[in-house]
Amino acid sequence: MQSKSNDIGWRFWGTWVMATTIGWPIGIMTALLAAHIVNVVYPKETNLVVGLFLGAAVGYVQRRFAQNPIAASWRWVLSTSVGMGIPYVVVVMADEFWGGIPAALDSKVAIAAVGGLITGLVQLPNVRRHSRRSGWWVLANIVGWGLGGLAMAIGFAGGLLIGGALLGVVTGGAMVWLLQSPPSSEENAGSWT
């Protein structure tokens, strides 16, 4: 019986990695298109939409195709979009009103890792209903999104191809591990659908 549980875990993990790998380039390409449109209307700040579209695309594809019991609602898509959008909005506001942010923080890796932190925190209440280890979800998001940002920092084409896979490997592995540890009490348990 244990091997069937592991098989389901590995099957879910593979689907999660595939969904995240597909959602990543869709998010980046739609973000670039939206940034171009924003540039026509407001030429100064095109980064405003990058995180929102990247997060929305990744969250949507995870929700739609991974059949994740935790990501079963539209709140998953919204929380991923908002979580990834906030750091980009902060960078835009800092550039606009305060003369920018320190160079060490204004990198693809730092922005993606902070986005992962916020995404993990926003998704945490939903994850908590399904696992008593839910706090690890935040760390998995920081590492996964940070690695995706690192892939983009190394090169656009390579980052477009492997950024989502890196994110999916880390967060999918964490999700499988988290779902193997149900909540410690009935009042914390949520519906699986």
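With the alpha-carbon atoms as the only input, what is the per residue convex hull volume for the range 60-158 in Å³? Please report the intermediate quantities before stating the final value.
Numbers: hull volume 11.1 nm³, N = 99.
Taking the convex hull of the Cα positions in the range 60-158, it is 112 Å³ per residue.
Counting only residues 5 or more places away or on other chains, whose amide H sits under 5 Å from the amide H of A66 once H atoms are built in the peptide plane?
none
Could you sort I22, I154 by their accessible area in this structure, using a 1.4 Å probe and putting the largest first?
Working: I22 85, I154 140 Å².
I get I154, I22, largest accessible area first.
The values are calculated or read from the model by the stated rules, or taken from the named source; none is laboratory data. The shown structure was predicted, so the numbers you read here are calculated from the model rather than taken from an experiment. Protein only, heavy atoms only, side chains kept; ligands, DNA and RNA dropped before computing areas. Shrake-Rupley method; radii C 1.70, N 1.55, O 1.52, S 1.80 Å.
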